[in-house]
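In what follows, a structure is listed as structure tokens, so that the remarks can point back to it.
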Amino acid sequence: MSYSKELKSELCVSVKTTFKSKCCRSALLTGLLLFTNTFTHEKIKSITESESVAKLTIKLLKEFGLTPNLYETEKKNDGEIYLNYKITVPVRREVESLIKELGYGSDEPLDHIKRELITCDKCSHALIMGAFLAGGFVNPPENAYHLEITTSNEALCRDFADYLSECGLPAKVTTRKSSSLVYYKESAGIEDFLSYIGSQKALFDLMNVKIFRDLRNNANRAANCDAANIDKVISASKLHIESIKMLIEDGRIELLSSDLRMTAMLRLENSEATLAELAALHDPPITKSGVNHRLKKIIEFANGQK
Ligand SMILES: [Zn+2]
């Protein structure tokens, strides 16, 4: 089952307990119908791959006094067989009376959201959930962040984008072939949207993937950081050792103070030690900056600067 389908099933189950009032159910049905395949003053035709969405649409249409038909057809995609659910309402009179009940005038184009329809504080959640159930798609959280709601009606798409902004869920709008869509590409926008329509599962999945991604990024960062530090230690040590060897070869090592000679010998014998480790090897131990200072002096001496 695709991830979108899974989420839609979960949302359909939640409808029973979340949207009990007539106002919310009418908002939910409006969202479902506006973003379905055909919704005009003459007819309703809805095609979905989700059995749950099909059942919910049928249930709501019946609640509003309509007599919908349901057709199931088998489809093949990449060798996989799945069912398509087609819902139609053949009686024009029923469609007309429903449209009236949903608040649209008899000639009014069905290309916008009637703000008057939103009466209680749950209505807009129901409407947006309906739109997602009918025209929505979301990538699984382990893939690139993407959530979209598609419609063939450009005016509706623009009005829906405005409506989403009014609800604090600003989305981007674009067109693809003959359809218009609102979409989200960042995790924050997708999280807000899914939480608005009440998808607990989606939020949980997103959070899990995020935690995993953070852990992996931190581990990578730590590994890179260690590698960079080791490189630094080794290249600094190489420079020290070259200078010390030069001093030994030309005999000038004897001209160094006993402190500097001790540090030089320890460096030579412990080429991979960090400054802190080198500091601890001194007898008596000295500080890290003390070692740094001595090594600097040795290099300067080797280069004839002192
Ligand atoms: Zn309501």
Check: So what are the three principal axis dimensions of the chain from its Cα atoms, in whole Å, longest to shortest?
Finding: 110, 44, 37
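Take 8, 55, 201 and sort them by solvent-accessible surface of the protein heavy atoms, 1.4 Å probe, largest at the top.
Values: 8 25, 55 130, 201 65 Å².
The residues order as 55, 201, 8, largest area first.
If you place +1 on the Cβ of every Lys and Arg and -1 on the Cβ of every Asp and Glu, how big does the dipole about the Cα centre of the chain come out, in debye to the nearest 20? Could you put the intermediate results ahead of the total?
Values: 41 positive and 41 negative charges, 71 e Å.
Its charge dipole is roughly 340 debye.
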Check: How large is ³J(HN,Hα) for each residue in region 21-38, as worked out from phi by the Karplus curve 6.51 cos²θ - 1.76 cosθ + 1.60 (θ = phi - 60°), to whole Hz, x for Gly and Pro?
Finding: 6, 4, 4, 5, 5, 6, 5, 4, 5, 4, x, 4, 6, 4, 9, 8, 5, 9
Notebook entry, point to check: Under 14 Å from the Cα of residue 296, which aspartates and glutamates turn up, not counting those fewer than eight places away in the same chain?
Noted result: 242, 259
Next item on the list: State which entries of 16/76; 114/210; 75/177 exceed 30 angstrom in Cα-Cα distance in the structure shown.
Entry: 16/76; 114/210
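What does the net charge come to around residue 236 if you take all other residues with beta carbon closer than 12 Å to its beta carbon, with K and R at +1 and D and E at -1?
Numbers: positive: 232, 238, 267, 296; negative: 231, 242, 272.
That works out to +1.
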Notebook entry, point to check: What does the charge count near residue 8 come to, summing +1 for each Lys or Arg and -1 for each Asp or Glu among other residues with Cβ under 10 Å from its Cβ?
Noted result: -3
Next item on the list: On the protein heavy atoms, probe 1.4 angstrom, tell me the percent of accessible surface of the chain carried by carbon and sulfur.
Entry: 52
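How large is the accessible surface per residue of the chain, computed with a 1.4 Å probe and reported in Å² as a whole number? Walk me through the numbers on the way to the answer.
Numbers: 16750 Å² over 306 residues.
Here the per-residue accessible area is 55 Å².
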Margin query: Test of the criteria: in region 223-281, which GluC sites (Glu not before Pro) are in a DSSP loop and have at most 12 other Cβ atoms within 10 angstrom of their Cβ?
Written below: 272
Notebook entry, point to check: Can you give me the Cα centroid spacing of region 219-257 and region 171-197 in angstrom?
Noted result: 55
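Counting other Cβ atoms within 10 Å of each Cβ, which GluC sites (Glu not before Pro) in region 117-190 have at most 16 and sit in a DSSP loop?
Details: sites: 142, 148, 154, 166, 186; in loops: 142, 186.
Here the GluC sites (Glu not before Pro) that fit, given the DSSP loop and packing criteria, are 142, 186.
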Checklist line | Coil-residue GluC sites (Glu not before Pro) of region 29-87, DSSP, other Cβ within 10 Å capped at 15 | finding: 42
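Fully extended, how many nm does the chain gain between residue 234 and residue 293 (0.36 nm per residue separation, minus their Cα-Cα distance)? Intermediate results must be reported in sequence, preceding the final value.
Values: separation 59, 0.36 × 59 = 21.24 nm, distance 1.77 nm.
Net length gain for the segment: 19.5 nm.
The values are calculated or read from the model by the stated rules, or taken from the named source; none is laboratory data. Keep in mind the model is a prediction, meaning the values are calculated, not measured. Using ideal geometry, Cβ is built from the backbone for each residue, glycine included, and neighbour counts are taken over all protein chains shown. Note: areas computed on protein heavy atoms with side chains; ligands, DNA, RNA excluded. Shrake-Rupley method; radii C 1.70, N 1.55, O 1.52, S 1.80 Å.
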